[in-house]
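Down below is the structure, laid out as structure tokens.
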Amino acid sequence: AEMDDGTYLSPSDAAKGQRLLARGPTPRYTFRQLAGEFLASKRKQMGSQTAGDYRSRLLPLLAFAELPDSKRRWPLAASIDSDFALEAKAFLFAHRTTANGRPGATTRPLSTRQIVNVLQALRTMLGWAASPANGRLPAGWVNPVGRGTVGTVPSKDPHRSDPLPVGDRIRLVRAMNVWQMCALLPSVLLPMRPDEAIGLLVEDADFGRGELLFGTNWPDVNFTKKKVAFRLPFPEELKPVLRACVGGRTEGPLLRNRRIFSAGPDLFPTTSEDLKARFAAKLLSAKPGAVQTAHDRKRLFRRMLGELGGVSGDVLNREFKKLLAAAGLAAGATLYTLRSSVTTTMSTGAKLAHLELTYLTSHSTGDILNRYTSLDIHGEMIKYFDFIAPLLDAVAVRCRELGITAG
């Protein structure tokens, strides 16, 4: 009948997206099959990293759904009801996992925050499947995972103390070696996300204006988490360290790994055109289906930076833990803790204006004042630099001790 009325599409054409609405009887998916369909859709829409995050959150639910009693009571995804949601939540509170995913590692219960993330993933998957545009669940099916079932993430104490105050950060600086100064000091002084730090390029260090640029160069493949471009002024004391990061190069990753930190500039791309040519070749050599979204391109670009000597976020985190021990500080802090501490100092210590602080911490805002006022980011950052003057003095002293000069 579809061939007669001209509406027939072959399965291959339908898979290419030419059929925008599902038709025919609703498939009788099991939980595993529905999860597979959902993850495949997210892979195409959001990229492999987001799909991987959803997969890790749905795996505990899959373990619950495939228990013998669960398969008897809820054999299909369409049979999921409020009892499934409540018993799955109880299962999650008793479920144990490992921090690194290795089967031989020490197991521990899921945190309350992660349980909320898992249940939110379940609600998102069922909502996607029940949408008429997707047609994976029967018409009229009601999602049983409500806000009450999911719960809320425990709020942070607004009066909590600064995890790494200026005094502790001075101790970190005094314990740094040359490579740690180049790799970690920018994060000690400035409110960067780790992902933003490892994506910095040589051309992102504007010494004339005293700014680090984020999301400005290569915006299609090197964008920030919020996809906003912003400029971050840096203090004069950081300039010689950034000069050492550049190391006479004209292109490539700003932060290099320890192994090739002392390598000559001839090992790196010499121009932006050279870097573009390398990335174009990387795209052409990628496996079919590996690059389907902008986030996939970003991951491929970051992988190329790693091959060119760039440092990874995991390496920075491991090195930061070693630095904490060398400085005699308690373990447990991460680079994200450091970002939180720097932001706290900017807000409660230096008392930066709200709009400037929002911009400088790479958050997007819909505040109406953005339309009528310009931002004085340099003026506000001077207030912050004045407040952390003892820390900047320690940076200057350590640079002289290590022989890091402005030249």
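The values are calculated or read from the model by the stated rules, or taken from the named source; none is laboratory data. Nothing here was measured: the structure is a model prediction, and the numbers come from that model. Virtual Cβ from ideal backbone geometry, glycine too; neighbours counted across all protein chains shown. What goes into the accessible areas is simple: the full protein's heavy atoms, side chains included, and nothing from ligands, DNA or RNA. Shrake-Rupley method; radii C 1.70, N 1.55, O 1.52, S 1.80 Å.
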*Which of the lysines could a cross-linker span from Lys42 if the Cα-Cα distance has to be under 30 Å and same-chain partners fewer than 8 positions apart are dropped?*
Lys16, Lys71, Lys89, Lys225, Lys226, Lys227, Lys276, Lys282, Lys287, Lys298
*Evaluate E = 1/(1 + (r/R0)^6) for Asp376 and Leu284, where r is the Cβ-Cβ distance and R0 equals 45 Å; express this FRET efficiency to the nearest 0.05.*
0.50
*Quantify, in whole percent, the carbon and sulfur part of the accessible surface of the range 127-255 (1.4 Å probe; protein heavy atoms only).*
51
*Out of residues 5 or more away from Leu110 or on other chains, whose amide H comes under 5 Å of its own, with H placed 1.01 Å from N in the peptide plane?*
His95, Thr97
*Give me the accessible area per residue for the range 200-306, probe 1.4 Å, as a whole number in Å².*
48
*Report, in whole Å, the centroid distance computed from the Cα atoms of the range 294-323 and the range 168-203.*
14
*log10 I(q)/I(0), Debye, Cα-only the chain, no solvent, q = 0.07, 0.15 Å⁻¹?*
-0.45, -1.38
_Apply the a/c threshold of 1.5 to the C-alpha gyration tensor of the range 127-220 and tell me whether it is rounded, prolate or oblate._
oblate
*Between Leu67 and Arg108, what is the FRET efficiency for a Förster distance of 22 Å, r being their Cβ-Cβ separation, to the nearest 0.05?*
0.55
*Given a 1.4 Å probe, how much area per residue of the range 123-188 is accessible, in Å²?*
48
_Which residues among the range 207-223 fall inside the zone where the amide N is under 18 Å from a point 7 Å beyond the Cα of Asp53, along Cα→Cβ?_
221-223
*Fully extended, how many nm does the chain gain between His363 and Leu76 (0.36 nm per residue separation, minus their Cα-Cα distance)?*
99.2 nm
*Between Ala90 and Val142, what FRET efficiency comes out of the Förster formula 1/(1 + (r/R0)^6) with R0 = 25 Å and r the beta carbon distance, rounded to 0.05?*
0.70
*On full extension of the chain, what length is gained from Asn134 through Arg28, given 0.36 nm per residue of separation minus the C-alpha to C-alpha distance?*
36.8 nm
*So which lysines can Lys239 reach, going by Cα to Cα under 19 Å and dropping same-chain residues fewer than 8 places off?*
Lys383
_Ellipticity estimate at 222 nm from DSSP helix runs (n ≥ 4, -39,500 (n - 2.57)) divided over the chain, nearest 500_ = -14500 deg cm²/dmol
